[in-house]
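Working notes for the structure below.
The values are calculated or read from the model by the stated rules, or taken from the named source; none is laboratory data. On a predicted model such as this, the values are computed, not experimentally measured, just so you know. Quick reminder, even Gly has a Cβ in these numbers, built from the backbone with ideal geometry, and neighbours come from all protein chains shown. Heads up: the accessible areas ignore ligands, DNA and RNA and are worked out on the full protein's heavy atoms, side chains in. Shrake-Rupley method; radii C 1.70, N 1.55, O 1.52, S 1.80 Å.
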Amino acid sequence: MAVVSDPPYGIAFAHGGNDNSGIGKGRYATKFAKVAIEGDDRPFDPAPLIKAGEPCILWGANHFADRLPASAGWLIWDKRAASGHSNDFADCELAWTSIDGVARVFRHHWDGMMKASERGLPRVHPTQKPIVLMEWCSRMIPADRVILDPFMGSGTTGVACAKLGRRFIGIEIDEGYFEIACERIRKAYAQPDMFVETPRAPEPKQEAFL
Ligand SMILES: C[S@@+](CC[C@H](N)C(=O)[O-])C[C@H]1O[C@@H](n2cnc3c(N)ncnc32)[C@H](O)[C@@H]1O
């Protein structure tokens, strides 16, 4: 088992609705989406996810870096990707990894409506990650490991796993996001990437742990 996740950062995230992302208070693309992130109002403790010797990738880890072991293998997602444009939001996002390696950068423009991928698709979660980003980092996990995302939000890690032909387990506390995630993952397993052997397209099990 390996953890690839984007947990609540512990920053009391609240979308103001004044940026150019096309989403904002009351303007999300689905009836489920909402502004506050469950669990984000208190410091995040990564300790239960970190098991010695097990691969682990945690996005947003710059917000809880003081609770993580030292690592040389941080990942950087450059969201501006040479556009030269900055705004009030971060230019990049960081992931801590337990992977023994060097720091790596993924350059992929993702700035509100200006996106290098998934153009025209509505954002369904306020902190939704690009599928290609989660594919990129999931490829760093040995192929025989099941990938676990215990904070899957809209299920982007699961979609990436489906595209890569990887086995995936996802958990999400918010019932609305859980439904969205299951739907996105189901569609992705039904339409995997060409040239990737998909492991017996598992029927996603929908189990709510409420
Ligand atoms: C930063 S978001 C993940 C967004 C995701 N990367 C995406 O692309 O949609 C973190 C998610 O963790 C969920 N969450 C918070 N506490 C949780 C818990 N105790 N168990 C499961 N999910 C939880 C939140 O509801 C939120 O959707």
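Worth pointing out:
- The combined condition, being away from the ligand (no atom under 13 Å from the Cβ), more than 22 Å from Gly10 (Cβ to Cβ), within 17 Å of the chain's Cα centre (by Cα) and not charged (D, E, K, R), is fulfilled by Gly112.
- Considered as a group, the residues in the range 125-138 that are open to solvent by 10 Å² or more (accessible area, probe 1.4 Å) and in a helix (DSSP H, G or I) include one that is nearest to the ligand (Cβ to nearest atom), and that residue is Ile131.
- Taking the criterion of being outside any helix (DSSP H, G or I) and either among the charged types (D, E, K, R) or within 13 Å of the ligand (Cβ to nearest atom) (or both), the residues of the range 47-65 that qualify are Lys51, Glu54, Ile57, Leu58, Trp59, Gly60, Phe64.
Quick grid of which residues meet (1) modelled with pLDDT of 95 or more; (2) open to solvent by less than 30 Å² (accessible area, probe 1.4 Å):
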position	(1), (2)
Arg123	no, no
Met140	yes, no
Arg145	yes, no
Asp149	yes, yes
Cys161	yes, yes
Gln191	no, no
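- Contact map, the range 144-156: first residue farther than 15 Å from Val124 by Cα, second residue within 6 Å of the ligand (Cβ to nearest atom) and open to solvent by 30 Å² or more (accessible area, probe 1.4 Å), Cβ cut-off under 6 Å, separation 6 or more or different chains; pairs are Pro150/Ile171.
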